[in-house]
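Below: one structure, written as C-alpha cells.
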Amino acid sequence: MWAQLIVQQLRPGKESGVQAILDKLHETEQPGSGLLRSTALRDGGDPGKVYLLVQFESEDAARTREQDGRRQEGLTEARALMAEVFEGPPEFVDLTVIEDLTF
C-alpha cells in the first residue's frame, strides 16, 4: 500500500471553498483507479492549513491514475478552484504505508 499527503495553505476567507474542491475531485474519480481512501483534514493548530491523505493499492496504481486522460477535464476545473482557494502550489509527501488499521 502507498499513500500521499498533500499539504496546502488556505487563502484568508476561503475556507468554504474546500468542500467544492473535494466534491470536484470526487467527481473525477474513475472505477478501478487503485484509490482506496481519501481523507481531508484541517490542522487544529493552524486552521488555514489543509491536508489531503490519499491511499492507493500501490505507487504504480497512483502514478497510472495521474496519467488517466478521463480525469483531466474534471481536474482542470478542480485546479481552477484550487488557485482561488489555496495560496501557492501544494506540497506532496510520498509515503509507504507500514500498517493501516480500522477499528
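The values are calculated or read from the model by the stated rules, or taken from the named source; none is laboratory data. Predicted, not measured: the structure shown is a model, and the values here were computed from it. Cβ coordinates were reconstructed from backbone atoms using ideal geometry, including for glycine residues, and neighbour counts include every protein chain displayed.
Against the numbered list (1) in contact with an Asp or Glu (Cβ under 8 Å, 6 or more places away or on another chain); (2) in a loop (DSSP other than H, G, I, E, B); (3) surrounded by 14 or more Cβ atoms within 10 Å (Cβ to Cβ), Q4 comes up short only at (2).
Of the set (1) part of a strand (DSSP E or B); (2) aliphatic (A, V, I, L, M); (3) crowded, with 16+ Cβ neighbours inside 10 Å, all apply to V18 but (1).
For (1) part of a helix (DSSP H, G or I); (2) surrounded by 13 or more Cβ atoms within 10 Å (Cβ to Cβ); (3) free of Cβ contacts under 8 Å to residues at least 12 places away in the same chain, each residue gets a yes or a no:
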residue	(1), (2), (3)
Q55	no, yes, no
R65	yes, yes, no
T76	yes, no, yes
A80	yes, no, yes
A83	yes, no, yes
F92	no, no, no
I98	no, no, yes
F103	no, no, yes
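Could you list, in sequence order, all residues of the range 35-53 that are aliphatic (A, V, I, L, M) and touching a residue at least 40 places away in the same chain (Cβ under 8 Å)? Within the range 35-53, V50, L52, L53 qualify. For the range 24-34, taking the residues that are more than 11 Å from the chain's Cα centre (by Cα) and without any contact (Cβ under 8 Å) to a residue 40 or more places away in the chain, the one that is surrounded by the fewest Cβ atoms within 10 Å (Cβ to Cβ) is identified as P31. If only residues of the range 62-84 that are in contact with a strand residue (DSSP E or B) (Cβ under 8 Å, 6 or more places away or on another chain) and closer than 22 Å to L36 by Cα are counted, the one that is modelled with the lowest pLDDT is R65. Remark: E87 matches the filter, which requires a residue to be loosely packed, with under 13 Cβ neighbours inside 10 Å and in contact with a strand residue (DSSP E or B) (Cβ under 8 Å, 6 or more places away or on another chain). In the range 9-16 there is no residue that is in contact with a strand residue (DSSP E or B) (Cβ under 6 Å, 6 or more places away or on another chain) and farther than 18 Å from V85 by Cα. Within the range 35-53, the set of residues being in a loop (DSSP other than H, G, I, E, B) and either surrounded by 14 or more Cβ atoms within 10 Å (Cβ to Cβ) or on the phi > 0 side of the Ramachandran plot (or both) comprises G48 only.
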